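The next block holds one structure in the form of structure tokens; read it before the comments.
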Amino acid sequence: SRPQPDLILLDIRMPDMDGYEVLRRLKANPATAEIPVVFVTAMADEINERRGLDLGAVDYIIKPITPDIVLLRVRNQIALRASVNKQRLALKIFEHTTESIIVTDADQNIVDVNPAFTLQTGFSREEVLGKNPRFLQSEKHDQAFYAAIWKTVQANGYWHGEVWNRDKSGELHPKLHSVVAIRDTKNEISNYVDISADITKIKQHQSRLKHLALHDALTGLPNRILLADRMKQAIAQARRNRQL
């Protein structure tokens, strides 16, 4: 496909087809609908300006023009489009990633979650908005564990590690979490983002491999590797207790 322009400068009075009709056709075509259009015209009345903006033009510049000013306005529109595109990309990632994402405010109250969060936990977005994520905590960790996480986030801006969480049914799941502090232009924390991946299957696979390493594959009975390990532990314990 041919590359699309970053922006279109369009007059209104043109032969065969006026600028309004050109803009309508651009907006009707999915391939060009998102390209920003700026009218540059001698039609200085308020009615035409309102009409152009109502049709979807991002700006309306009246002739005669000052080239430097026009270039600045065009530059600003292109920068704005780039920013919007980044936001759209971030939104697509947020909505379609398989990892659970929780976004909280500075007080750690949930302001948004993605569909993967609902899929993994069973909680809908409406059920959790405004709540503190601590309702996901399990008895696998004590309060000192969670306090250490937030201390690290405050000091370094992020934390990465394994946490056991509880879903809506009460079932526990191991999750690999990344918690990041988001700062605003004043360098103050405005949000926290928690990204987690369910590693239940990985844990199960690891447990299976460990079992196979220490047990006979046919009978399921402990093998000599496990015997040697238990003997080593028993001998070490006997030495510490000065026993046979």
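The values are calculated or read from the model by the stated rules, or taken from the named source; none is laboratory data. Please read these numbers as outputs of a predicted model, since none were measured by experiment. Methodologically, a virtual Cβ is constructed for each residue, glycine included, from the backbone with ideal geometry; neighbour enumeration extends over all protein chains shown. Remember, those area values only see protein heavy atoms, side chains included, never the ligands or the DNA or RNA. Shrake-Rupley method; radii C 1.70, N 1.55, O 1.52, S 1.80 Å.
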Please go through the range 149-167 and give me each residue that is loosely packed, with under 15 Cβ neighbours inside 10 Å, outside any strand (DSSP E or B) and among the charged types (D, E, K, R), ordered by number.
Lys151
Condition check: touching a helix residue (DSSP H, G or I) at 6+ places or on another chain (Cβ under 8 Å) and not in a loop (DSSP other than H, G, I, E, B). Does Thr104 satisfy that?
yes
The one condition in (1) in contact with a Pro (Cβ under 7 Å, 6 or more places away or on another chain); (2) open to solvent by less than 40 Å² (accessible area, probe 1.4 Å) that Ile189 fails to fulfil:
(1)
Under 26 Å from Glu95 (Cβ atoms), touching a Phe, Trp or Tyr at 6+ places or on another chain (Cβ under 7 Å) and open to solvent by 40 Å² or more (accessible area, probe 1.4 Å): does that describe Val180?
yes
Restrict the check to the range 132-148 and report whether at least one residue is of a type in the set (Ser, Thr, Tyr), open to solvent by less than 70 Å² (accessible area, probe 1.4 Å) and touching a Lys or Arg at 6+ places or on another chain (Cβ under 7 Å).
yes
Say whether the condition of being under 15 Å from the mean Cα position of the chain (by Cα) and open to solvent by less than 60 Å² (accessible area, probe 1.4 Å) is met by at least one residue in the range 76-84.
no
Tell me which of these Asn109 doesn't satisfy, since it passes every other one: (1) closer than 30 Å to Pro5 by Cβ; (2) modelled with pLDDT of 95 or more.
(1)
Name the single residue, out of those in the range 217-244 being part of a loop (DSSP other than H, G, I, E, B) and within 45 Å of the chain's Cα centre (by Cα), that is modelled with the lowest pLDDT.
Ala217
Any residue in the range 221-244 that is farther than 13 Å from His211 by Cα sitting within a Cβ distance under 7 Å of a residue that is surrounded by 10 or more Cβ atoms within 10 Å (Cβ to Cβ) and of a type in the set (A, V, I, L, M)? List the pairs, counting only those 6 or more apart or interchain.
Leu244/Ala238
Report, by residue number, each residue of the range 199-208 that is surrounded by 10 or more Cβ atoms within 10 Å (Cβ to Cβ) and assigned to a helix (DSSP H, G or I).
Thr200, Ile202, Lys203, Gln204, His205, Gln206, Ser207, Arg208
Scan the range 229-244 for residues that are open to solvent by 100 Å² or more (accessible area, probe 1.4 Å) and of a type in the set (D, E, K, R) and jot them down.
Arg230, Lys232, Arg239, Arg240, Arg242
Residue count, the range 190-223 (criterion: among the aliphatic types (A, V, I, L, M) and either touching a helix residue (DSSP H, G or I) at 6+ places or on another chain (Cβ under 8 Å) or within 28 Å of Glu139 (Cα to Cα) (or both))
8
Is one or more of the residues making up the range 22-32 at pLDDT 95 or above and in contact with a Phe, Trp or Tyr (Cβ under 7 Å, 6 or more places away or on another chain)?
no
